[in-house]
Amino acid sequence: MSSETTWPAGVIARYLTVGGATVDITLDIYDDDRYVDATSTCTGCKDWERQHQKRTASQTSEDARRRAEKDATEWAQEHAEHCRAMPRT
Ligand SMILES: [Zn+2]
């Protein structure tokens, strides 16, 4: 199965774990661009984390999106370096 080449819909970034699974990051922007959720999900152990950002008055929705994405990326990289769970095929 060539799961590495086919990204699920909505996945904006993907990290390969040491166990051969991936950590997928998805973004959810809602409520008139006021909230951004960046969710990192490990396809190996099913662990996940959600970074929730609320756009402040001085921020653009782009700022909130970048901040959520950055936090999610840090978690994903950290997790990918240590997770040894293998993906279920
Ligand atoms: Zn994992």
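Nothing in this text is a laboratory measurement; each read-out follows from the coordinates by a stated rule. This is a predicted model, so every value here is computed, not measured. Neighbour counts are summed over all protein chains in view; Cβ atoms, including those assigned to glycine, are modelled from backbone coordinates with ideal geometry.
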Taking neighbour counts of Cβ atoms within 10 Å as a proxy for exposure, in what order, fewest first, do Glu69, Glu74 appear? Glu74, Glu69
Kindly provide the pair-distance distribution of the range 17-77 built from C-alpha pairs, with 5 Å bins from 0 and whole-percent values in order of increasing distance. 4, 22, 28, 18, 13, 9, 5, 2, 0
So if I place +1 on the C-beta of Lys and Arg and -1 on the C-beta of Asp and Glu, and nothing else carries charge, what would the dipole magnitude of the chain be about its Cα centre? I want it in debye, nearest 20. 140
Nearest 10 degrees, 0 to 90: what angle lies between the long axis of helix 61-82 and the longest principal axis of the chain (Cα atoms)? 20
Among Asp71, Asp28, which comes first, then next, by fewest other beta-carbon atoms within 10 Å? Asp28, Asp71
Taking Cα pairs closer than 8 Å and at least 6 residues apart, the relative contact order of the range 11-82 in percent is 32
Kindly write out, for the range 28-39 in residue order, the coupling ³J(HN,Hα) from the Karplus curve 6.51 cos²θ - 1.76 cosθ + 1.60 (θ = phi - 60°), rounded to whole Hz, with x marking Gly and Pro. 10, 10, 8, 6, 6, 6, 7, 10, 10, 10, 10, 10
